[in-house]
Amino acid sequence: MTGSSLKFNLFLIIMFFNSPLPSMAAENNNADSLKLSISLAKTTKDKINTLILLSREVGGTDLQAAMNHARKANILSARIDYKTGSLNSFLRMADICLALNDYKAAMQYAEKAKELAEDLELVKENATAQGIMAIIYAELGDFGRSMDINYRILRLFEQINDKMDIGITMGNIGADYLSQKNYKMAIDYLYKALKIAQELGDKQGMAHQYNNIAGIYLDHLVDYPKALFYLKKALKVNSELGSSQLQGINYTNLGITYFRLKKPDSAFYYYNKGLTIFTGSNSPLLIADCEIFLGEYYSSLHNLVKSKEFAKSALLKGKENNSFETTRHAAALLHEIYLAEKDSANAYKYAMIQHNAQDTLLFFQNQKEIYKLEFQYNYEKIDKARQIKQNRKNYLMGIIFLGLLSGIVIVLLINSRQRIRVKMAVLEKEKFESELNFKNKELTINLIALMKKNEMLTDISNKLAQIEKEAKKDETREALSKISHEIEKNADDKMLREFSIRFQEVHQGFYEALLQKFPDLTQSELKLSAFLRLNMSTKEISELTSQRLLTVEHARYRLRKKLGITNSEVNLVTFLSQI
């Protein structure tokens, strides 16, 4: 049975929110008071500011209500041209969209907030907007861009000597380094963030960094005594703060650490402490995580009945809350349990649930990659638009200046205009090439996703074959053999059909132009031409089509002959890219 994986060891710290979370009752009282203040507000500005406060107040429990209040504040701000209100409402909407994993909308609102903050010369709000952008890039896996933004934020906070936010930003830079597996730099920045939190008496910041540092020692540096030391420090601070949810996470992390230290009794004690807290706070996914850990604990003791009971409970919660990660872990545990019990039918059932959850997670990861490409493309497009705008501005200033001159100056003006036109034409061409490059990258990502899906189907087929060997009934073996045959038969053809459709959407007219010049090309040669048009190597084509390298090499040679490329110095990929 596999060992536990740390689920809670690193918090990605939420930017610029340092105050302790209020209790539910306090939140409701504050919200009621703010609603009353809105109805009694004497000016529209007062109403806008109170709506933003109300949005922050209810954001912990009702994100939709928080968004409604922020939008109302934004509409009112636009109506009276209240730029500060617009800025703060954009920040609220960006933060809420981030919490809802709507990265596209969050980025759009953050960019609008950044632009307003720069116009109003508000340093902290500018840094807050960029902080949201950094978190989005980190969520999408672009840790290099996230780190670049965080370093810019750090300079802004150093400019105004904001110690609290300097510490938070250092913690975020540490998280970026950790994601890039640079553990030395990660722990250096987390210690710096911890030191600032200690100097300021910021207990919430101290608790976060204690837990983050513990996570590095546990998962990456494999120093369990130090992990326990910092986890217990985090637990002590969270107990002083009364943060029951964070205490539950600390207890669960302690359980994981003791389990890895092969101290199952201590692990069992802390798992149950965490489970009790999460049950009291009605946190189903955190409960499910504890149940998976307890299922692994009982499995290690060969108590498969109890292990199965906890795993099934976790699986149900994962499905009810649309958590495919929880579903995948719980199904994997149940698959192993039923394999140990030699129950082939149920082992297959939960293997399928596990792979379906994995497939969905792969889809979401693919979507994140596309978002990342889209954001990079938009960033480049905005940068080019700024260049064009600046060129036009310079051009107009040149007209005003040159309009005062005569003769020679008019000639210079004409030459200047021509240069600007040429430069703008170049920029437009670059924009077009950037758009095509983006579409090619998106097509390649989708192709890779199809390859991974094909590999997963092959893996399922292999596992079915293994289960088929262990099955006792002829009917079961026959059914499993039929399913395995169907999977192998359909996987490659379906993948290539989907690729062909997507390729023609991006490169419209490629096949038609190729057939017009070389009408004798077969369907296989057209597909090979498409792969080469995407600059794929022989090895990549071999893996994608399940053909031997030698077979692909021969196909390339035959294609060169049909295309009439007799000169060995002519590159086949370059030739096809010009079609």
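Any read-out appearing in this document is the output of simple, stated calculations on the displayed coordinates, not a laboratory observation. A quick note: this is a predicted structure, and the numbers were derived from the prediction, not measured. Every residue, glycine as well, gets a Cβ built from its backbone with ideal geometry; the counts of neighbours run over all protein chains shown.
Sorting 122-132, 344-354, 195-205 by average packing, meaning the other beta carbons within 10 Å per residue, from highest down gives 122-132, 344-354, 195-205. Over 19 Å apart at the Cα level, from the set LYS308/LYS472; LYS163/LYS226; LYS431/LYS527; LYS45/LYS83; LYS431/LYS517, are LYS308/LYS472; LYS163/LYS226; LYS431/LYS527; LYS431/LYS517.
Our estimate of slack between ASN440 and VAL222, defined as 0.36 nm per intervening residue step minus the Cα-Cα distance, is 74.3 nm. For LYS429, a cut-off of 14 angstrom between C-alpha atoms picks up these aspartates and glutamates, skipping any fewer than 8 places away in its own chain: GLU380.
Peptides 526-536, 181-191 ranked from most to least packed, by the mean per-residue count of other Cβ atoms within 10 Å: 526-536, 181-191. Note on region 279-371: the alpha carbon radius of gyration divided by the globular reference 2.2 N^0.38 Å gives 1.12. For the pair ASP62 and SER416, what calculated FRET efficiency results from E = 1/(1 + (r/R0)^6), where r is the Cβ-Cβ distance and R0 = 41 Å, to the nearest 0.05? Once the sixth-power term is evaluated, E becomes 0.10.
Rounded to whole numbers, the Karplus 3J(HN,Hα) couplings from phi for region 298-310 are 5, 5, 5, 8, 6, 9, 6, 5, 5, 4, 5, 4, 5 Hz, using 6.51 cos²θ - 1.76 cosθ + 1.60 with θ = phi - 60°, and x at Gly and Pro. Summarising the overall dimensions of region 154-242 from its C-alpha atoms, the Rg and Dmax are 13.0, 39 angstrom.
For LYS104, the lysines whose Cα falls under 17 Å of its own Cα, not counting residues fewer than eight places away in the same chain, are LYS112, LYS114, LYS368, LYS372, LYS381. Cross-link reach is defined here as a Cα-Cα straight distance under 19 Å, omitting same-chain residues fewer than 8 places apart; for LYS263 the aspartates and glutamates meeting it are ASP219, ASP223, GLU291, GLU296. Estimated purely from DSSP H runs of n ≥ 4, each contributing -39500 (n - 2.57), the mean residue ellipticity at 222 nm for the chain is -28500 deg cm²/dmol once divided by its residues.
Annotation for region 298-350: GluC sites (Glu not before Pro) lying in DSSP loop with at most 15 further Cβ atoms inside 10 Å of their Cβ are GLU341.
Taking only the C-alpha atoms of region 509-579, the Rg (one decimal) and the largest Cα-Cα distance, Dmax (whole number), read 11.5, 30 Å. Each 10 Å bin, from zero up to the one with the longest distance, holds this percent of the alpha carbon pairs of the chain: 3, 12, 18, 21, 19, 15, 8, 3, 1, 0. Remark: for residue pairs LYS319/LYS482; LYS384/LYS439; LYS124/LYS384; LYS349/LYS482, the C-alpha separation exceeds 21 Å in LYS319/LYS482; LYS124/LYS384.
Treating the Cα atoms of region 115-173 as identical point scatterers in vacuum, please give the log10 of the normalised Debye intensity I(q)/I(0) at q = 0.18 Å⁻¹, two decimals. Result of the Debye calculation: -0.56.
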